[in-house]
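Below: one structure, written as structure tokens.
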Amino acid sequence: MASLSLRNVIKRYGHGPKANQVIHGVSAEIADHEFIVIVGPSGCGKSTLLRMVAGLEEISAGDILIGDRVVNNLEPAERDIAMVFQNYALYPHMSVFDNMAYGLKIAKVPSAEIKVRVDKAAKILELGHLLERKPRQLSGGQRQRVAMGRAIVRQPKVFLFDEPLSNLDAKLRAQTRLEIQKLHRELGITSLFVTHDQVEAMTLAQRIIVMNGGVMDQFATPEEVYSRPATTFVASFIGSPPMNLLKHAPGVRPGTILGIRPEHLILDPNGWSVQIEHVELLGAERLIYGRVGDEQLIMRADEGQPAPVPGDTMRIAARPDKLHWFDAGSGKRMK
Ligand SMILES: Nc1ncnc2c1ncn2[C@@H]1O[C@H](COP(=O)(O)OP(=O)(O)OP(=O)(O)O)[C@@H](O)[C@H]1O
Ligand SMILES: [Mg+2]
């Protein structure tokens with residue numbers, strides 16, 4: 001097992017004036033045993049970052065270190081990593097056992113050793129009773145576990161996951177998420193996990209890297225990313241519904257943006273006058289959509305609170321200890 005360092009990593013596709021830079025200098029020091037999630041919208045560079053760590057993509061500048069070894073010019077096979085993809089592509093004609101054993105056979109690991117490793121991984125993943133089956137005789141979740149098993153038997157220093165759960169339905173995704181957490185507790189392998197799903201990021205990560213157009217906007221614990229987002233982008237990407245970002249509401253100075261999470265707005269007779277436009281009941285809570293001046297506002301209210309109807313006016317204030325201020329020009333957090 002090992003630490004992982006990204007030092008001012010840059011990626012350009014193509015050469016000369018037509019080159020397209022997609023990763024703009026990412027630096028991150030990841031400790032041994034850490035579980036890191038890279039999150040961000042489509043096209044922000046998540047897979048590119050992961051593929052550069054894996055050695056499937058060259059880096060254009062900077063350094064990548066696994067442990068204290070610079071791996072910039074090493075082949076994927078020399079990096080001691082294992083990768084699990086969204087499309088896990090098992091060999092259809094091979095049994096579960098052979099699928100898991102295949103990489104080790106290629107690497108000429110003795111067959112007794114292969115059996116020990118596959119049996120151990122199968123036990124951890126509860127695949128022991130399925131080892132003779134073919135992939136087509138498995139459920140989607142079971143296939144996903146075989147793909148993880150194939151990675152585990154390699155005993156890598158670093159695990160790389162690229163959206164491995166996105167082919168699963170919501171229930172199976174939640175269940176597999178728990179399995180991945182359990183796996184990480186048992187094996188403690190340093191992991192980089194890519195997703196565009198902020199719930200997956202918040203629940204799995206020890207620390208989260210939030211990517212925004214090839215730039216790392218924040219690298220922090222889930223708690224910190226939620227309670228002290230570094231930019232308006234992070235503020236609106238993490239949290240559902242997203243943080244309200246107000247430019248013109250009463251009390252907001254020109255050049256700043258006031259951020260307030262929907263759950264931090266409260267009824268207050270001295271607060272803003274908010275015109276209610278739409279109310280959604282989500283079981284235990286309501287989302288109330290309103291307007292203050294010319295700005296949209298979303299509030300979250302729990303069951304016990306009075307339910308407004310469209311057309312009502314409510315007096316609403318933000319909890320003073322929960323205000324976020326951002327520079328309107330750069331989008332960066334001010335305090
Ligand atoms: N081989 C390539 N040649 C040129 N540009 C590429 C290549 N691969 C990716 N890109 C560009 O690099 C950027 C980052 O792509 P990447 O696949 O890393 O995004 P992503 O965050 O993984 O997105 P998604 O969530 O859709 O998988 C995109 O703008 C993409 O068009
Ligand atoms: Mg991707």
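What follows is calculated from the coordinates using simple rules that are stated; it is not laboratory data. A quick note: this is a predicted structure, and the numbers were derived from the prediction, not measured. All Cβ positions, even for glycine, are placed from backbone atoms using ideal geometry, and neighbour counts span all protein chains on display.
Residues within the reach of a label modelled at Ser236 (point 7 angstrom out along Cα to beta-carbon, backbone nitrogen below 12 Å), restricted to region 286-300, are 296.
Backbone N atoms of region 25-49 closer than 18 Å to the 7 Å Cα→Cβ label point of Asp197 belong to residues 36-43, 46-47. Sorting the segments 313-326, 48-61 by their mean number of nearby beta carbons within 10 angstrom, highest to lowest, gives 48-61, 313-326. Estimated from the Cβ-Cβ distance and a Förster radius of 30 angstrom, the FRET efficiency linking Gln181 and Leu267 is about 0.20.
Here, P(r) means the percent of Cα pairs in each 10 Å bin from 0 to the largest distance; for region 274-335 it is 19, 42, 28, 11.
Working note: Cα atoms of region 132-209, range along each principal axis, descending, whole Å: 38, 29, 18. When the GluC sites (Glu not before Pro) in region 95-182 are filtered for DSSP coil states and for at most 12 other beta-carbon atoms within 10 Å of their beta-carbon, the remaining sites are Glu126, Glu132.
One compactness figure for the chain is 1.18, namely its Cα radius of gyration divided by 2.2 N^0.38 Å. Restricting region 87-174 to trypsin sites (Lys or Arg not before Pro) that sit in a DSSP loop and have at most 12 other Cβ atoms within 10 Å of their own Cβ leaves Lys108.
State the percent of C-alpha pairs, over all pairs in region 193-267, separated by a distance greater than 16 angstrom. That tail contains 52 percent of the Cα-Cα pairs.
Rounded to the nearest 20 Debye, what is the dipole magnitude of the chain about its Cα centre when Lys and Arg each give +1 and Asp and Glu each give -1 at the C-beta?
Values: 41 positive and 37 negative charges, 152 e Å.
Using Cβ point charges on Lys, Arg, Asp and Glu, the chain gives about 740 debye.
Distance from the C-alpha centroid of region 46-65 to that of region 249-287: 42 Å, rounded to the whole angstrom. Positive end of the dipole of the chain (Cβ unit charges, origin at the Cα centre): among Val215, Thr232, Ile10, the Cα lying farthest that way belongs to Ile10.
Computed extension gain for Asn8 through Glu58, at 0.36 nm per residue and net of the alpha carbon distance, reaches 16.6 nm.
Fully extended, how many nm does the chain gain between Gln305 and Ala170 (0.36 nm per residue separation, minus their Cα-Cα distance)? Kindly include the intermediate steps, with their values, before the conclusion.
Values: separation 135, 0.36 × 135 = 48.60 nm, distance 3.01 nm.
Stretched out fully, the Gln305 to Ala170 stretch lengthens by 45.6 nm.
Please tell me which of these pairs span more than 30 angstrom C-alpha to C-alpha: Lys46/Lys108; Lys115/Lys182; Lys46/Lys335; Lys11/Lys134; Lys11/Lys105? Listed pairs above 30 Å: Lys46/Lys108; Lys11/Lys134; Lys11/Lys105.
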